[in-house]
Amino acid sequence: MSDLNDPRIFFAAERTLLAWNRTSLALMAFGFVIERFGLFANMLSTRQGEILQRGVSFWIGIAFIVLGSIASASAIAQYRMVLRTLKPIEIPEGYRVNGGVFLNLAVAVLGAALMVYLFYGLGL
């Protein structure tokens with residue numbers, strides 16, 4: 001628990017939450033690029049009429065997307081834990097503290113939806 005009675009503690013926690021949001025987005029984007037590059041390379045190497053196979057790049061890409069979703073969800077839990085330790089004086093009056101939480105939650109859910117789409121939506 002902080003004894004500083006300073007709103008900068010809260011804003012630092014919020015900046016950390018948003019930094020984790022950027023990290024999770026980068027992990028998911030990297031995973032998507034890896035997965036799509038593997039699909040592209042597989043399409044170039046297969047003959048007409050052959051069934052596309054899921055290669056190592058597919059699984060690595062999916063793993064990065066899942067890792068990004070987990071990072072986003074765990075950032076929410078960490079941020080909420082920090083908020084519980086703050087005093088009301090450390091949170092500016094009238095400030096909505098859940099904006100970053102909703103943003104991270106949306107990123108986590110959309111990352112999970114992307115993973116499901118890539119896993120089941122390709123028809124492989």
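Residues that are on the phi > 0 side of the Ramachandran plot, at pLDDT below 90 and out of contact with any helix residue (DSSP H, G or I) (no Cβ under 9 Å at 6 or more places or on another chain) do not occur anywhere in the stretch 30-46.
Restricting attention to the stretch 76-124, the residues that are closer than 21 Å to W20 by Cα, more than 15 Å from the chain's Cα centre (by Cα) and among the small types (G, A, S) add up to 1. Filtering the stretch 49-76 to residues that are at pLDDT 95 or above and of a type in the set (S, T, Y) leaves S69, S72, S74.
The residue that is surrounded by the most Cβ atoms within 10 Å (Cβ to Cβ), among those in the stretch 1-26 that are among the hydrophobic types (A, V, I, L, M, F, W, C) and modelled with pLDDT under 80, is L4. For beta carbons closer than 7 Å, sequence separation of 6+ or different chains, a first residue in the stretch 97-124 that is farther than 24 Å from R8 by Cα and part of a helix (DSSP H, G or I) and a second that is modelled with pLDDT of 90 or more and among the β-branched types (V, I, T), the qualifying pairs are G111/I65; L114/I65; M115/I62; M115/I65; M115/V66; L118/I62; F119/I62. Filtering the stretch 78-88 to residues that are farther than 9 Å from V101 by Cα and in a helix (DSSP H, G or I) leaves Q78, M81, V82, L83, R84, T85, P88. Answer yes or no as to whether A73 is buried (at least 17 other Cβ atoms within 10 Å of the Cβ) and within 14 Å of T23 (Cα to Cα). Here the answer is yes, as A73 does meet what is asked.
The values are calculated or read from the model by the stated rules, or taken from the named source; none is laboratory data. Just so it is clear, the model here is predicted, and its values are computed rather than measured. Here Cβ is always computed from backbone atoms with ideal geometry, including for glycine, and neighbour counts include all displayed protein chains.
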